[in-house]
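One structure, pasted below without further comment.
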Amino acid sequence: MYVARRRRPWPEARPVQTMTVLIRPVVTEKSTNLQERGRYVFEVARKANKYQIKQAVEETFDVTVVKVNTMKARGKRKRFGPRTTTQPSWKKAIVTLAQGDSITIFEGV
């Protein structure tokens, strides 16, 4: 006999401190080209999810976020003489804004 389990509703998005989610903007040639299409790149906290990133960008810059893509970047291996070390891994978010919105911090870069 099949008994249907009662599903719990999605938990409400917890309020987050925006300064702990967004670490810094990533300014590279590729990210500068993405800005022409309304996409901005940020380094974010490794444990931050897409909902928290969206909320942090909307609160910080007063814009409307349409889409958030995230990816993890593995730390590079560096060699200092006979010793090899690994730089820390980090997480990157590409945020797509609504048509007509822009972030002014990036304008002069």
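The values are calculated or read from the model by the stated rules, or taken from the named source; none is laboratory data. Keep in mind that this is a model prediction, so the values were computed, not measured. Cβ sites come from the backbone with ideal geometry, for glycine too, and all protein chains shown count toward neighbours.
Within region 35-57, how many residues turn out to be assigned to a loop (DSSP other than H, G, I, E, B) and among the charged types (D, E, K, R)? Give the steps one after another, and end with the answer.
Taking region 35-57 first, the residues assigned to a loop (DSSP other than H, G, I, E, B) are 36-38, 45-49.
Narrowing further to those that are among the charged types (D, E, K, R): 36-37, 46-47.
Residues that pass the stated criteria total 4.
Only one of Val27, Val66, Val44 is within 21 Å of Gly100 (Cβ to Cβ) and of a type in the set (A, V, I, L, M, F, W, C); which?
Values: Val27 fails: within 21 Å of Gly100 (Cβ to Cβ); Val44 fails: within 21 Å of Gly100 (Cβ to Cβ).
It is Val66.
Condition test on Lys92, is it among the basic types (Lys, Arg), closer than 23 Å to Thr20 by Cα, more than 10 Å from the chain's Cα centre (by Cα) and in a strand (DSSP E or B)?
Values: among the basic types (Lys, Arg): yes; closer than 23 Å to Thr20 by Cα: yes; more than 10 Å from the chain's Cα centre (by Cα): no; in a strand (DSSP E or B): yes.
Taking the combined requirement at face value, the residue does not satisfy it.
Taking the options Thr32, Thr60, name whichever one is surrounded by fewer than 16 Cβ atoms within 10 Å (Cβ to Cβ), modelled with pLDDT under 95, out of contact with any Phe, Trp or Tyr (no Cβ under 6 Å at 6 or more places or on another chain) and more than 19 Å from Ala98 (Cβ to Cβ). Show your work before the answer.
Values: Thr60 fails: more than 19 Å from Ala98 (Cβ to Cβ).
The unique qualifying residue is Thr32.
Here's a follow-up. Here are some residues: Thr60, Thr84, Thr32, Thr20. Which one is over 14 Å from the mean Cα position of the chain (by Cα), of a type in the set (S, T, N, Q) and not in a strand (DSSP E or B)? Don't jump to the end; show me each part of the working.
On the way: Thr60 fails: over 14 Å from the mean Cα position of the chain (by Cα); Thr84 fails: not in a strand (DSSP E or B); Thr20 fails: over 14 Å from the mean Cα position of the chain (by Cα).
Only one candidate passes the filter, namely Thr32.
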